[in-house]
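Asks: First the structure, which I've put down as structure tokens, then a few questions once you've had a look.
Each reported figure results from applying straightforward, stated rules to the coordinates on display, with no laboratory input. All figures in this text were calculated on a predicted structure; none of them were measured in a lab. Here the Cβ positions follow ideal geometry from the backbone for every residue, glycine too, while neighbour counts run over all protein chains shown.
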């Protein structure tokens, strides 16, 4: 199946597309990014800055802004920084957007200090991402859940996805949602870090194990194997929302990884560039960041070494040493009771 086929398929509305029930075989390790592409994703991190407290401070802003944007948040990058770093909320913007950003920050802090890929870590981050902090103004928002549903795989809740012909699995009154999430975690543990990251990104969202917040949880969970291996985490900055949604939908309904794989690769390249000490040729006005992204993506996809020396520098440093976990600034991330759909 080509991208042109996928575009033609989604030219029809969800109501015109054939229902796509949950497929057990899509929980297998494949389809996924192939081993060579995954390996090359680890070979372009030569210029990455030390993953210390300063790095964490930037990551918290980038991730909170970018993942919130994929959820429809109205906060800009600068507004997110003012909120996450200084606690300044934009009074003219919805309070749910502010809470969404702060929840992402708390979940990312938890990620940074709890890098073990486990059901417990994933559920703890889900609870943080979907916490409504007891604010009545957030009642009815799709971003938050009641306490009983936060950090707890669904048992009776049925999930229907808007604008999608995909029908998620439902095991009412059983531990089915939890069991399948455990299976996903166990499968990812046997993979190389980048392959595990893309697997978690797609499969956690696919099974919809929680009443809501599944895509948010899948995005942060994807960073667990990366950080555990000392690799750059993905902030999801500059990922086009339409491309991300199309990629996930193509996996849900067609079982195709084509779009989401390339979306993941490009997003990961952009995260690496933002995390790097860039050569002078790639700084300031006129720097060809788009061209750098293209050359690095081409290297990952084909193995073709970048022609520009400044871009080739991303490939030339000695192997990186796994970073020591850094305790986040501010109050420590804590495990919260559970809450609702997403």
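Asks: Hey, fewest Cβ within 10 Å first, where do 260, 95 land in order?
Replies: So the residues, fewest neighbours to most, are 95, 260.
Asks: While we're looking at this one, here's another question. Over the stretch 211-279, what is the mean sequence separation of C-alpha contacts under 8 Å (at least six apart), divided by residue count, expressed as relative contact order in percent?
Replies: 31
Asks: With each label point set 7 Å from Cα along the Cα-Cβ vector, what nm distance links residue 308 and residue 74?
Replies: Calculated label separation equals 3.7 nm.
Asks: Using a Förster radius of 30 Å, what is the FRET efficiency between residue 315 and residue 34 based on their Cβ-Cβ separation? Nearest 0.05, please.
Replies: In this case the efficiency is close to 0.95.
Asks: Moving to a separate point now. Neighbouring Cβ atoms within 10 Å as the yardstick, rank 104, 114, 133, 126 fewest first.
Replies: Taking fewest neighbouring Cβ atoms as first place, the list is 133, 114, 104, 126.
Asks: Fully extended, how many nm does the chain gain between residue 49 and residue 7 (0.36 nm per residue separation, minus their Cα-Cα distance)?
Replies: 11.3 nm
Asks: Going 7 Å from the Cα of residue 301 toward and past its Cβ, which residues in the stretch 232-275 have a backbone nitrogen under 13 Å from where you end up?
Replies: 258-267
Asks: Over the stretch 227-320, what relative contact order in percent results from Cα pairs under 8 Å that are six or more residues apart?
Replies: Reported relative contact order: 24 percent.
Asks: Report Rg (one decimal) and Dmax (nearest whole number) for the chain, counting Cα atoms only, units Å.
Replies: Radius of gyration, then largest Cα-Cα span, for the chain: 19.4, 59 Å.
Asks: How far is it, in nm, from the label point at residue 158 to the one at residue 15 when both lie 7 Å from their Cα along the line to the Cβ?
Replies: For residue 158 paired with residue 15, the spin-label model returns 1.9 nm.
Asks: Further, regarding this structure: Would you order 152, 30 from fewest to most other beta-carbon atoms within 10 Å of each residue's own beta-carbon?
Replies: 30, 152
Asks: Still on this structure, I have one more. Between the stretch 178-249 and the stretch 147-175, how many Å separate their Cα centres?
Replies: One Cα centre to the other: 18 Å.
Asks: Determine the gain in length on full extension of the stretch residue 182-residue 86; use 0.36 nm per residue of separation and subtract their C-alpha separation, reporting nm with one decimal.
Replies: Gain on stretching residue 182 to residue 86: 30.8 nm.
Asks: Let me ask you something else. Quote the relative contact order of the chain in percent (integer), defining contacts as alpha-carbon pairs under 8 Å separated by 6+ residues.
Replies: Relative contact order comes out at 30 percent.
Asks: Subtracting the Cα-Cα distance from 0.36 nm times the residue separation, let me have the gained length for residue 24 to residue 241 in nm, one decimal.
Replies: That pair, residue 24 and residue 241, stretches by 75.4 nm at full extension.
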